[in-house]
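First up is the structure itself, then whatever we jot down about it.
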Amino acid sequence: MRDAPNLDTTAGRQIAPQYIDRYISVNIPTQGCKDEELRSLVLRVQQHHHTSTCRKATRRGKNVADCRFDFPQPLSEDTRLKSHDDPGNKSRFYVLKRSAGEENCNPYNTHLLKAWKANMGIQLIGSVYGTAAYVCSYMCKSESEEVRKAIRDALESLPPQASTRKRLSKIGNTRLTHRELSAQEAAYRLCHLPLKENSRKVVFLNTARPEKRMRLLKSRSELLELEDDSSDIFAPGIFDRYASRPDTPEFANMTLAHFAVWYDVDS
């Protein structure tokens, strides 16, 4: 972000609290304030309410009584960087300014909240490593307890002598049939909409030595038409097409990489 402080320097750490206050808040606007829309949104969608998710078993399978999201949050007169003595989530390196009555308010950005009009838990990430770790934690998010229980039940239904292959197959099939979908993903799948798109085409080129490359066989009908002693059993690949490219100035100095990207087989 623009003008983000460098937390590896003393000067950056000194200005970090003011920078955080510029973009993140847990303030609940007072009744009768000028921005009633913001007040309504904060009270309606930004207040944390304890559910069973708050008390998932997170410590070696034991039940945890405290909210794993650390609500209610401690009060603080000012936004400040955390010290080693501060309790709570160690991944967050700061404590937000928080007054009485705001203990259960999720952090928000005013402009984003008005545009999004739904719950958010916005936070500042202090480094490139933190950004990568944050994204990876979402990509590798574990399945719900219901899915894990279904997997345990499926494995217990197998005989003790079941092979590793059979167990892995059972786990895979259970995950496919019990995985929870978001409403958005379910709608996209029902409407046969693409779940992902990309603006660039990627072509894989196997640059291993020729004798170590994997190749596709010709179709069965083509193989049956070959002479019995023919060794021409492989379908032509990108290397064959590149070697037999037209002998014209346009192709004379063209690299294999450019050829693979710019030209394809016309079916």
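The values are calculated or read from the model by the stated rules, or taken from the named source; none is laboratory data. Every value quoted in this text rests on a predicted model; they were computed, and no experiment measured them. No Cβ is skipped: glycine too gets one built from the backbone with ideal geometry, and neighbour counts run over all protein chains shown. Ligands, DNA and RNA are excluded from the accessible area calculation, which covers all protein heavy atoms including side chains. Shrake-Rupley method; radii C 1.70, N 1.55, O 1.52, S 1.80 Å.
Looking at the structure I just gave you, is Phe234 in contact with an Asp or Glu (Cβ under 9 Å, 6 or more places away or on another chain) and in contact (Cβ under 8 Å) with a residue 12 or more places away in the chain? Quick ask: steps written out before the conclusion?
On the way: in contact with an Asp or Glu (Cβ under 9 Å, 6 or more places away or on another chain): yes; in contact (Cβ under 8 Å) with a residue 12 or more places away in the chain: yes.
For Phe234, the condition - in contact with an Asp or Glu (Cβ under 9 Å, 6 or more places away or on another chain) and in contact (Cβ under 8 Å) with a residue 12 or more places away in the chain - is met.
Identify, from the list Ala132, Ala150, the residue that is open to solvent by less than 80 Å² (accessible area, probe 1.4 Å) and either of a type in the set (Asp, Glu) or farther than 13 Å from Arg179 by Cβ (or both). Lay out the reasoning, then the answer.
Working: Ala150 fails: either of a type in the set (Asp, Glu) or farther than 13 Å from Arg179 by Cβ (or both).
Matching residue, one of Ala132, Ala150: Ala132.
Condition first: open to solvent by 70 Å² or more (accessible area, probe 1.4 Å) and closer than 21 Å to Asp266 by Cα. Now tell me which residues in the stretch 222-245 satisfy that. Working first, answer last.
Narrowing the stretch 222-245 to residues open to solvent by 70 Å² or more (accessible area, probe 1.4 Å): 222, 224-225, 227-229, 231-232, 234, 236, 241, 243-244.
If the condition is that a residue be open to solvent by 70 Å² or more (accessible area, probe 1.4 Å) and closer than 21 Å to Asp266 by Cα, then Glu222, Phe234, Pro236, Arg241, Ala243, Ser244 are the ones that fit.
With a cut-off of at least 3 residues that are polar (S, T, N, Q), name the helices (runs of 4 or more DSSP H) lying wholly within the stretch 70-187. Spell out how you get there, then give the answer.
Working: elements: 110-116, 128-139, 145-156, 164-178.
Filter on the stretch 70-187 gives 164-178.
Looking only at the stretch 214-266, count every residue that is part of a loop (DSSP other than H, G, I, E, B) and not charged (D, E, K, R) and tell me the total.
Counting residues in the stretch 214-266 that are part of a loop (DSSP other than H, G, I, E, B) and not charged (D, E, K, R) gives 18.
Only one of Arg189, Arg215 is open to solvent by 100 Å² or more (accessible area, probe 1.4 Å) and touching a strand residue (DSSP E or B) at 6+ places or on another chain (Cβ under 8 Å); which?
Details: Arg189 fails: touching a strand residue (DSSP E or B) at 6+ places or on another chain (Cβ under 8 Å).
That would be Arg215, the only listed residue that is open to solvent by 100 Å² or more (accessible area, probe 1.4 Å) and touching a strand residue (DSSP E or B) at 6+ places or on another chain (Cβ under 8 Å).
Part of a loop (DSSP other than H, G, I, E, B) and either within 24 Å of Cys54 (Cα to Cα) or in contact with a strand residue (DSSP E or B) (Cβ under 9 Å, 6 or more places away or on another chain) (or both): is that true of Glu197 in this structure? Before the answer, list the steps.
Working: part of a loop (DSSP other than H, G, I, E, B): yes; either within 24 Å of Cys54 (Cα to Cα) or in contact with a strand residue (DSSP E or B) (Cβ under 9 Å, 6 or more places away or on another chain) (or both): no.
In short, no.
Find all pairs meeting these conditions: Cβ atoms under 8 angstrom apart; at least six residues apart or on different chains; first residue within the stretch 191-215 and within 24 Å of Tyr263 (Cβ to Cβ); second residue open to solvent by 100 Å² or more (accessible area, probe 1.4 Å).
Listed by first residue and then by second, the contacts come to Asn206/Met214.
Would you check which residues across the stretch 1-22 are open to solvent by 70 Å² or more (accessible area, probe 1.4 Å) and either in a helix (DSSP H, G or I) or touching a Cys at 6+ places or on another chain (Cβ under 6 Å) (or both) and list them?
Pass one, the stretch 1-22, residues open to solvent by 70 Å² or more (accessible area, probe 1.4 Å): 1-3, 6, 8, 10, 13-15, 18, 21-22.
The answer is Thr10, Arg13, Gln14, Ile15, Gln18, Asp21, Arg22.
Show the residue pairs meeting these rules: Cβ distance below 8 Å; 6+ apart or different chains; first residue within the stretch 46-67 and open to solvent by 100 Å² or more (accessible area, probe 1.4 Å); second residue modelled with pLDDT under 65.
Close Cβ pairs (under 8 Å, with a partner that is modelled with pLDDT under 65) amount to Arg55/Asn63; Arg55/Val64; Arg55/Ala65; Asn63/Ala57.
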